[in-house]
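See below for the structure under consideration.
The values are calculated or read from the model by the stated rules, or taken from the named source; none is laboratory data. Since this is a predicted model, take the numbers as computed values, not measurements. Cβ: placed from backbone, ideal geometry, glycine included. Neighbour counts: every protein chain shown.
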Amino acid sequence: MKTLMIRRMGAAAYGNWMKFVVADVNGRPISGAVVKVAKTGDNLITDSDGVANLRRDLSDPGQVPTRVRVEWNGMAIERDIVNDEISSLTSFFKFPVCARGPVMTTIEIASLVAGAASIGAGIYWKKEALQLVGEVLVGAAVFTTIYRLSCM
């Protein structure tokens, strides 16, 4: 399991905006995540630093987010921001970041098929180099899939 973390900076320290920082459990920023603020209807996209800024008049209670939804890589988490969190600097959202998606990507499937064809052709024509290339392709596809799925 990995953690998706959203840090919300309060209005007192940063003026009339909230800063959402989206990162994985290791603190690496997640770019391209969508932060949806239900009350204001804002859809924010995190940048390469995993940051999305909500610019609103936070002195107006109607502009303070009460429900936030974060979507990334086919996954989403949504929850209410409670009164204690309004002045808090950090809110944590936990879910399996890598659990979504196909077992194998198109590139991995293509590598597997090309590798199998290369192995077959190498055996048929008795060309060890061709067979070796196929074995490398199959190995790369299998190990890439295992590595990608290891965080589930």
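Has the range 77-92 got any residue that is part of a strand (DSSP E or B), modelled with pLDDT of 80 or more and not basic (K, R)?
At the first step, the residues of the range 77-92 found to be part of a strand (DSSP E or B) are 77-80, 90-92.
Then drop every residue that is not modelled with pLDDT of 80 or more, which leaves 78.
If we keep only those that are not basic (K, R) as well, we get 78.
The answer is yes; a qualifying residue exists.
Only one of these is within 18 Å of R79 (Cα to Cα), modelled with pLDDT of 75 or more and surrounded by 15 or more Cβ atoms within 10 Å (Cβ to Cβ): V64, V51, V21. Name it. Explain how you work it out, then say what you get.
Details: V64 fails: modelled with pLDDT of 75 or more; V51 fails: within 18 Å of R79 (Cα to Cα).
From the options V64, V51, V21, the qualifying one is V21.
Taking the conditions exactly as written (at pLDDT 90 or above, out of contact with any Phe, Trp or Tyr (no Cβ under 9 Å at 6 or more places or on another chain), among the β-branched types (V, I, T) and more than 16 Å from V21 (Cα to Cα)), does I45 satisfy them or not? Write out each step before concluding.
Working: at pLDDT 90 or above: yes; out of contact with any Phe, Trp or Tyr (no Cβ under 9 Å at 6 or more places or on another chain): yes; among the β-branched types (V, I, T): yes; more than 16 Å from V21 (Cα to Cα): no.
Here the answer is no, as I45 does not meet what is asked.
Determine, yes or no, whether K36 is modelled with pLDDT of 60 or more, under 12 Å from W72 (Cα atoms) and part of a strand (DSSP E or B).
Values: modelled with pLDDT of 60 or more: yes; under 12 Å from W72 (Cα atoms): yes; part of a strand (DSSP E or B): yes.
Yes, satisfied.
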